[in-house]
Amino acid sequence: PRVELAWAMKAHQHAQVYFNLISSVDPKFLNLTKVDDRIYEEFRETFGDLRVDVLDPEELKSEPAKAKWRPFCLRFEGVVEDFNYGTLLRLDSRREYSEENTIFG
């Protein structure tokens, strides 16, 4: 619980920065890492059917989902700093971050 709380606090700080970025720059011109294209390509290969506009928490946190997410994240060990930290995600991308629209993943 303490580790998850520390991740959530750091994720909240990152979410504020990233939300400001995506709100001020057209996201198609925004790169958050040097390997964004690789991450996206591998994400789509692994999670091709996953809807990202409106997320289903079961597709992120169920045991079968975790069995897919862990190996995916491990591909970026040594490539992306904090590759295995949790993050705050908006369940509905059209809405802002709020308690009811946010999940920690």
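The values are calculated or read from the model by the stated rules, or taken from the named source; none is laboratory data. Nothing here was measured: the structure is a model prediction, and the numbers come from that model. Positions of Cβ are backbone-derived with ideal geometry, glycine not excepted, and every protein chain shown enters the neighbour counts. Accessible surface areas use protein heavy atoms only, side chains included; no ligands, DNA or RNA. Shrake-Rupley method; radii C 1.70, N 1.55, O 1.52, S 1.80 Å.
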Note to self: At a threshold of 8 angstrom on Cα-Cα distance, excluding pairs fewer than six apart, so keeping six or more, what relative contact order does the chain reach in percent?
What the structure shows: 32
Notebook entry, point to check: Is the range 9-65 best put as rounded, prolate or oblate by its Cα gyration tensor, with a ≥ b ≥ c the root eigenvalues, rounded for a/c under 1.5, and otherwise prolate when a/b is larger than b/c, oblate when not?
Noted result: oblate
Check: Could you give the accessible area per residue of the chain, probe 1.4 Å, as a whole number in Å²?
Finding: 76
Checklist line | Taking only Cα atoms of the range 1-104, radius of gyration then Dmax in Å | finding: 13.9, 37
Check: Tell me, what % of the accessible area of the chain is carbon and sulfur with a 1.4 angstrom probe?
Finding: 54
Note to self: So if each residue of separation counts as 0.36 nm, and I subtract the Cα-Cα distance between residue 104 and residue 8, what length gain in nm does that give?
What the structure shows: 33.9 nm
Checklist line | In the range 53-94, the GluC sites (Glu not before Pro) that fall in loop regions by DSSP, at most 12 other Cβ within 10 Å | finding: 77, 81
